[in-house]
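Beneath this line is the structure, given in structure tokens, with notes to follow.
The values are calculated or read from the model by the stated rules, or taken from the named source; none is laboratory data. Please read all numbers here as calculations on a predicted model, not as lab measurements. Note that we place each Cβ from the backbone using ideal geometry, even for glycine, and neighbour counts take in every protein chain shown.
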Amino acid sequence: ALEASLWGILADSDADGLTNDFEYAVGTDPQRADDGMQAVHADFTELEGDRRLLRLSFQRRTDDPAISVAAEVSEALTGWSSDAGMIELLSTADLGNGFEQVVYQEVAPLVHPRTRLFGRVTVTRNGP
């Protein structure tokens, strides 16, 4: 029970809504609730003609090959996609500490009015 609630990879030790595994993958402290809320930044790139592109930026671990961290988008909170036709990796910058700063951006611009577009960051374990 303690693994599931306090120290396991799926636990949320600081009760901030983020698993310990997620916080490990993006370099935040799983013991500080306020730290995890700084993990992902979302904003928009403004284009001409009332169009804009959703952009997600975050740091991700590069020194653990068992973990993959990526951005996904969805128009309805279902059918999440990291497909290159929906969202692309715009830039990476090595932070020199086992992490890199990455920026993902949607491919097709939002045009008003449009259905909503949601973004999220996912962590996948590539092994045990």
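Note on the range 10-21: residues that are buried (at least 16 other Cβ atoms within 10 Å of the Cβ), farther than 22 Å from Gln101 by Cβ and of a type in the set (A, V, I, L, M, F, W, C) amount to 1.
Here's the yes/no breakdown for (1) more than 28 Å from Gly127 (Cβ to Cβ); (2) touching a Cys at 6+ places or on another chain (Cβ under 8 Å); (3) surrounded by fewer than 18 Cβ atoms within 10 Å (Cβ to Cβ):
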position: Glu23; (1), (2), (3): no, no, no
position: Pro30; (1), (2), (3): no, no, no
position: Ala33; (1), (2), (3): yes, no, yes
position: Phe44; (1), (2), (3): yes, no, yes
position: Leu53; (1), (2), (3): yes, no, no
position: Asp64; (1), (2), (3): no, no, yes
position: Leu77; (1), (2), (3): yes, no, yes
position: Thr92; (1), (2), (3): no, no, yes
position: Gly96; (1), (2), (3): no, no, yes
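Restricted to the range 87-117, and to residues there that are of a type in the set (A, V, I, L, M, F, W, C) and modelled with pLDDT under 90, the residue that is farthest from Gly27 (Cα to Cα) is Val111.
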